[in-house]
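Here the structure is laid out as structure tokens; the discussion comes afterwards.
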Amino acid sequence: MAWLPSGAAAGPALRGARASPALSSGVAAAVMLYKRALPPSSPLHSARPSATAQRFFCQLLERGASTAYLGRWAHSATCSVSVDDRPQAELTDGSNGDLVQKREMVGAFQRIPMVMPATDILMSAQRKSRNVPPTKGIQNIAKRERNKGAKQLDALMKELSVPLRTYTENFPRRRDLHPYERSLIELTFGEGYYEKVLGRVDALRKKITSVGKQHASVCAKSLTKREAEERLTEGRKELEEVFQRGQNAIEDLINVAKALRSMPVVDPHIPTLCLVGSPNVGKSSLVRILSTGKPEVCSYPFTTRGILMGHIVSNHERFQVTDTPGLLTRHDDDRNNIERLTLAVLAYMPIAVLYVHDLSEDCGTKVADQYITYKHIKERFGDRLWIDVVSKCDLLDRATPSRFDDAADDGIDDELRRYREFGPEDAIRVSVQTQIGTQELKQRVHHLLTSQMARIKAAGSDDEEVVGEVR
């Protein structure tokens, strides 16, 4: 068993390496951490790392790698599975070697690197590469010129490719994201578009690296000063043309980065109230009176086309409020991406629900359709803490809701009639215009979010107990 991580070659620097006692103890510690992650019956307990692997580990320790990091490498190498490839991978705590469970956290979109415009990358690379001097001490003019040309082409290649490598390595991989953020990427850009853009950027980097190395090698073989200058000019021109042909990938990545950074961050450890309902029932107006959020309020459906965030501060406690796009009465498979954003929040985030009903039909959706949608969402996400609100109650006295079809009179006629007259059981009647019921709503919301906080803390305690059992 080689115990050498995939992609790690035992090159000349490793063949002659000798480990100090301190480094050897570090390797031993890494091996110990790895074995503590194995079941007692595993045959790998008796395995020993090869000499090549030990030298590789020693080199990593000299560069500042922790023993916990090496333990993870050993684990992935022997199991033929990369730690980063496992969505619920176990990580090793470097302080005491105990195992802790990796938690998927939100907020990855706010940590993505800034992407420079393609023209800025090119201009910076051109300026820096032209200032690269030849190696000192070369007396022969031809040798000095070809040395200078090769170094400048190599510098241009690196100045163009290194930023692209930084982007592809630091933009999050979908499998490492929280399920909520994975769904946001898919619903915002479409299936596979995010990976396609990163793939195009990486392909551009590989092409630049290949062309740059080729021309630097040719320039280094020049026999005269003039030939070196010509090959330098030719190589610089082709590198710049390759970069310019692929700069659309960089522009697309800039647009992706802007869209990702503008997406709201919902902290799963802070109680969150999610407003749900049909289009134009008054969700955004309620967000305005409940929180710091200022969503657009208009008299037409689908005013809200994304997830909008606000915050509530009550009794020195901070809560989150999300305004979601309206849901139409149709099967989940037929919903558009705007509606699916709402379902993603309900499915993946630990939220409390404030479901909004408009019995006046001022929203443009019939009461019967609102009832069908409500029953479907309630059945699917009924385990959430829940408040029902009948909005626009000031319009109910003069409104004349449409009558249900005669075919609907059988079976569920009474339930539909009760819903049309009163809304769901225990629903709060609210009018933003006249302020009817707003104080009661705020009190109920505070009580609901306080209960949600208790749930979050209880879930955190359960996670700690599970980790304790693993230890």
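Among 172, 179, 163, which is the only one that is in contact with an Asp or Glu (Cβ under 9 Å, 6 or more places away or on another chain) and surrounded by 16 or more Cβ atoms within 10 Å (Cβ to Cβ)? If you could, list the steps in order and put the result at the bottom.
Values: 179 fails: surrounded by 16 or more Cβ atoms within 10 Å (Cβ to Cβ); 163 fails: in contact with an Asp or Glu (Cβ under 9 Å, 6 or more places away or on another chain).
The conditions single out 172.
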| Restricting attention to segment 187-203, which residues are open to solvent by less than 30 Å² (accessible area, probe 1.4 Å), in a helix (DSSP H, G or I) and farther than 18 Å from residue 114 by Cα? | 187
| task | Give segment 160-186 a look and list any residue that's basic (Lys, Arg) and assigned to a helix (DSSP H, G or I), or say none. | result | 165, 174, 175, 182
| said: Among the residues of segment 233-244, are any under 11 Å from residue 149 (Cβ atoms), of a type in the set (A, V, I, L, M, F, W, C) and surrounded by 15 or more Cβ atoms within 10 Å (Cβ to Cβ)? | reply: no
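Criterion first (of a type in the set (Lys, Arg) and either more than 21 Å from residue 444 (Cα to Cα) or within 29 Å of the chain's Cα centre (by Cα) (or both)) does residue 392 satisfy it? Spell out how you get there, then give the answer.
On the way: of a type in the set (Lys, Arg): yes; either more than 21 Å from residue 444 (Cα to Cα) or within 29 Å of the chain's Cα centre (by Cα) (or both): no.
So residue 392 fails the test.
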| note | Scanning segment 116-149 residue by residue, those of a type in the set (Gly, Ala, Ser) and loosely packed, with under 14 Cβ neighbours inside 10 Å turn out to be 137
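For segment 314-343, name all the residues that are charged (D, E, K, R) and in contact with a helix residue (DSSP H, G or I) (Cβ under 6 Å, 6 or more places away or on another chain). Walk me through how you get there before you give the answer.
Step one: of segment 314-343, the residues charged (D, E, K, R) are 317-318, 323, 330, 332-335, 339-340.
Passing the criteria: 323, 340.
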| Has segment 377-389 got any residue that is modelled with pLDDT of 90 or more, open to solvent by 70 Å² or more (accessible area, probe 1.4 Å) and over 30 Å from residue 271 (Cα atoms)? | no
| message | Let me confirm something: among 266, 276, 287, which residue is in contact with a Phe, Trp or Tyr (Cβ under 6 Å, 6 or more places away or on another chain) and either open to solvent by less than 10 Å² (accessible area, probe 1.4 Å) or in contact (Cβ under 8 Å) with a residue 24 or more places away in the chain (or both)? | response | 276
| request: Those residues that are without any contact (Cβ under 8 Å) to a residue 60 or more places away in the chain and surrounded by 12 or more Cβ atoms within 10 Å (Cβ to Cβ), I need them from segment 420-432; list them, please. | output: 422, 428, 429, 431
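Select from segment 338-366 the residues that are among the aromatic types (Phe, Trp, Tyr), farther than 25 Å from residue 437 by Cβ and open to solvent by less than 10 Å² (accessible area, probe 1.4 Å) and list them in ascending order. Before you say what the answer is, go through the steps one by one.
Narrowing segment 338-366 to residues among the aromatic types (Phe, Trp, Tyr): 348, 355.
Remaining after also requiring farther than 25 Å from residue 437 by Cβ: 348.
Listed by number, the list is empty, since nothing qualifies.
The values are calculated or read from the model by the stated rules, or taken from the named source; none is laboratory data. Model, not experiment: these values are computed from the prediction. Quick reminder, even Gly has a Cβ in these numbers, built from the backbone with ideal geometry, and neighbours come from all protein chains shown. We work out accessible area using only protein heavy atoms, side chains counted, and drop any ligands, DNA or RNA first. Shrake-Rupley method; radii C 1.70, N 1.55, O 1.52, S 1.80 Å.
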